[in-house]
Each structure stands twice: as C-alpha cells, then as structure tokens.
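What follows is a single structure, written as structure tokens, with notes after it.
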Amino acid sequence: MDGTASLAGRVALVTGGASGLGRATAFALADGGAHVAIADIDDAGSEETRARVAAAGGSADAVALDVTDDESRRRVVAELFDRHGDAFDVLVNVAGIDRPGYVTDIDLADYRQVQAVNCEGPVFLTSEFVKRVQHLPAGRTADVVHVVSLSAITSGSGAIAYNGSKAAFRQATKCIQRELREKATVLPDGTERPFPCRVQSVIPAAMDTPMMEQWGIPEHLMMPPATVAGMVRTLLTLDASSFVPELVIVPRLEPNFPR
C-alpha cells in the first residue's frame, strides 16, 4: 500500500465491486487507506476482490447488494452505519450492466433491467446514503461519486438501453448536485452551513472490462480500469471546498468524443 492520496479512517461502499471498474476502485480506495465495503450481487466475485485487497495489505469486506432492490439498498446502508458510524462517509456508484438491442428487436425486460441497475438503483442508494450523512458533525463532508459514461453524451447503434440509462443517470446526478448545493443545514445555534455531502461524477469512455467484451472494441481504444479508479480516488481526496461536477476521461485516441 503506497499511502498516496490518503483516505485513512474513511469507510467506502463501492457497488459493482466484483469485477471491472468496481474491483479497480476497491483496490484504489483501499490503497489510499480506506476500509472498503465491496458490494455486488456476485458474491464469489466480491469475495475474490476482498481477498485480493487483503493480500495487498488493504482493509475490506464483501457485502451482498442488489442495487435494484429497495430492501437490499436500505439494509446495506443501515448495516454499514450501524457498524462504522460516521466513518462510513463515502459511496461510489459503479455497478452497471449493458443489454444490446436495436429498436426493431429490443427486449422490454432487458431494457427495464438496464434502467434499474444503471439509473434507478444508484439514485435511490444515494438517497439512502445522503439522508444518513446530512447530520454529520460540523467540519465533516461525506462524498458520493457517480460513475456515468461517455455513452450519456454520445450515441451508438444497438445501445438504446445503455445510452438511455446513462443519459438519465447523468441528468439525475446534475439534479442531485444542484439540490445539495442549494440545501443548507441549520446548526443548533441557528447558523447555516453547506450540506455536508458532495456529489461528483466521472464520465469515462470505454474501459477494458468484462462488460465491454461483447462490443469488440480494439484494445488501444479502451482505458485500463485502474486509470479511472485513480481519478475516483482523486475526487474523494480533494479539499472539501472543491467540487467537480463532471470529469470526462477518454483515451487519447477516443474516436467518439464530441468535438
């Protein structure tokens, strides 16, 4: 563990932690000193991530979470606050799925599942988290990072469900950011302070993850997940007075970035 960009003393919930960017994010945050709750519906994958974090000297545990299920979201958030108290002050929404389909043959169940995982789930998980951290002591700021996608900005054939869900998630994130910037917390002495939670987002282009294998994108046009995970950690360690609404990350040869 190199100790760079310290997150020591903080507990972070990372969704989609069984593989891909979620796993890379768990590594990056644990490397920064955080205790990471690795959440996924893939229990074996989460446990593998936990074991690899531990082998590298980090602190983590595996958590069963279905981001599409309200009871599961509430349970995980409540359990982490019960176990860690105010130290649980980081949420990184990474979990995402893709179900290709053209307008002539798109499957309704697949479409709804993509929307549930990529937009509805993280929005309501964020809601549960934000309600809990709104009473953090003065001087403390919790953090949420949403992993959106360049697909929220661009468009592509056969990607109606994914692109649509990420565009919706991007807009929902903007709404959440505005609400929290406008919402002041009234202290016992009657003074106000900024809402004690910062919501930032990253918008990465294609990454070399299992989800992308179905698209056959050349390797040189994809980024390693660790690159994006490192930027997530950077956002979490910014001074609390700073705020990055969107951080777009693309490889230098990205062909679809709007110019």
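What to note about this one:
- For region 1-84, the strands (runs of 3 or more DSSP E) that sit wholly inside it and include 1 or more residues that are surrounded by fewer than 18 Cβ atoms within 10 Å (Cβ to Cβ) and either among the polar types (S, T, N, Q) or touching a residue at least 12 places away in the same chain (Cβ under 8 Å) (or both) are 59-64.
- Number of positions in region 85-125 that are part of a helix (DSSP H, G or I) and either within 26 Å of residue 23 (Cβ to Cβ) or of a type outside the set (D, E, K, R) (or both): 19
- Top-ranked residue of region 126-141 - restricted to ones that are among the hydrophobic types (A, V, I, L, M, F, W, C) and not in a helix (DSSP H, G or I), ranked as modelled with the lowest pLDDT: 138
The values are calculated or read from the model by the stated rules, or taken from the named source; none is laboratory data. The structure displayed is predicted, hence computed values, not measured ones. Cβ coordinates were reconstructed from backbone atoms using ideal geometry, including for glycine residues, and neighbour counts include every protein chain displayed.
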